[in-house]
Amino acid sequence: MEVLVLPTPADVARRAAEVVLEGLAAARRAAPVVGLATGSSPLGLYAELAAAVRAGRLDLSGATGFALDEYVGLPPGHPQSYREVLLREVCGPLGLSAERLHVPDGSGRTEAELVEGAARYERLIAESGGVDVQILGIGANGHLGFNEPGSALSSRTRVKRLSDRTRHDNARFFDGIEDVPTHCVTQGLGTVLDARQLVLVASGTAKAAAVAAALEGPLSASCPASVLQWHADATAVLDEDAAALLRNRDYYDASAAGL
Ligand code: F6R
């Protein structure tokens, strides 16, 4: 695991974009597969990748994107559905084809339909050849995707209840807490671990405890993002505030400075 600590969120976005660009180049696939997080954390990173596209350093016109998660029960076209967010923030600016953007299906009306949609999503990821680079944020409670504390470390895409903490944190995107869905369909932690490379971005003091638990605490379902420790190619790109509670900071900085 590599831990890169940068002064500001803007530096995080720039550095994380470089890590993603290197990862996609190393994938050596004409049509790479990118795993896409939503939320505020990756927005700066997406803006940097969009700049790389404009500068001719990145071409995602043949790429496929897989979202980490989706709310259950939002009407099609709802501006806060993750499909709409990714169409706005990624497909347009980065030139990723909307036809090759895949998002878990949260439209099922029954549990059986949602379960079938989740299984279909797993098959789609497998048929694509797997995710080359997975972009991740982290919840203040340590969730990864919408795998809330207690999620099985080997879980696959499935329906999950959102925790009260997550619903409150995400209420800022809606008119009020009562509008935030109670359930989601999320890639499982096992699904995330199958990606060839993980790139986690986090900024701000609200993430400091979760980041410390994820990177330096025990590998535990109580902190789902701790699965990063299990992955052979994971990079966490943090600003000073998000890194404030890390104990091994000297080591990370020395390693980042080079061999
Ligand atoms: C979103 C996702 C979540 C977010 C996390 C952080 O697809 O999977 O795990 O990354 O909730 O959200 P922000 O970045 O808004 O703080």
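Here the chain is treated with +1 on each Lys and Arg Cβ and -1 on each Asp and Glu Cβ, and its dipole about the Cα centre works out to around 280 debye. So if I take the centroid of the Cα atoms in the stretch 171-190 and the same for the stretch 245-259, what is the distance between those two points in Å? If you average the Cα positions of each part, the centres end up 35 Å apart.
With all protein chains kept in place, the per residue accessible area of the chain amounts to 44 square angstrom at a probe of 1.4 angstrom. Among THR110, THR182, THR205, the largest mean-square fluctuation in a Gaussian network model of the chain, built with springs joining Cα atoms closer than 10 Å, belongs to THR110. Shape analysis of the stretch 1-55 places it in the prolate category; the axes a ≥ b ≥ c from the Cα gyration tensor give an a/c of at least 1.5, with a/b above b/c. Overall dimensions of the stretch 101-255, expressed as equivalent-ellipsoid semi-axes from the Cα gyration tensor (√(5λ), whole Å, largest first), are 27, 20, 12.
Length available on full extension from GLN80 to THR110: 0.36 nm per residue minus the Cα-Cα distance, which gives 8.6 nm.
Residue by residue, the stretch 81-97 carries 3J(HN,Hα) couplings of 5, 5, 4, 5, 4, 6, 4, 6, 8, 10, 4, x, x, 9, x, 7, 5 Hz when phi is fed to the Karplus relation 6.51 cos²θ - 1.76 cosθ + 1.60 (θ = phi - 60°); x denotes Gly or Pro. At the listed q of 0.08, 0.16 Å⁻¹, the Debye profile of the chain, built from one uniform point per Cα, gives log10 I(q)/I(0) equal to -0.28, -1.23. For the stretch 1-69 versus the stretch 81-104, the spacing of their alpha-carbon centroids is 14 Å.
Per-atom-type breakdown for the stretch 2-257 gives carbon and sulfur 52% of the accessible area (1.4 Å probe, protein chains only). Scaling the Cα radius of gyration of the stretch 39-126 by the globular reference 2.2 N^0.38 Å produces a ratio of 1.17. Placing unit charges on each Cβ (+1 for Lys and Arg, -1 for Asp and Glu) gives the chain a dipole about its Cα centre, and among GLN80, LEU114, GLY217 the Cα reaching farthest toward its positive end belongs to LEU114.
The values are calculated or read from the model by the stated rules, or taken from the named source; none is laboratory data. This is a predicted model, so every value here is computed, not measured. Positions of Cβ are generated from backbone atoms using ideal geometry, with glycine treated the same way; all protein chains shown enter the neighbour counts. Heads up: the accessible areas ignore ligands, DNA and RNA and are worked out on the full protein's heavy atoms, side chains in. Shrake-Rupley method; radii C 1.70, N 1.55, O 1.52, S 1.80 Å.
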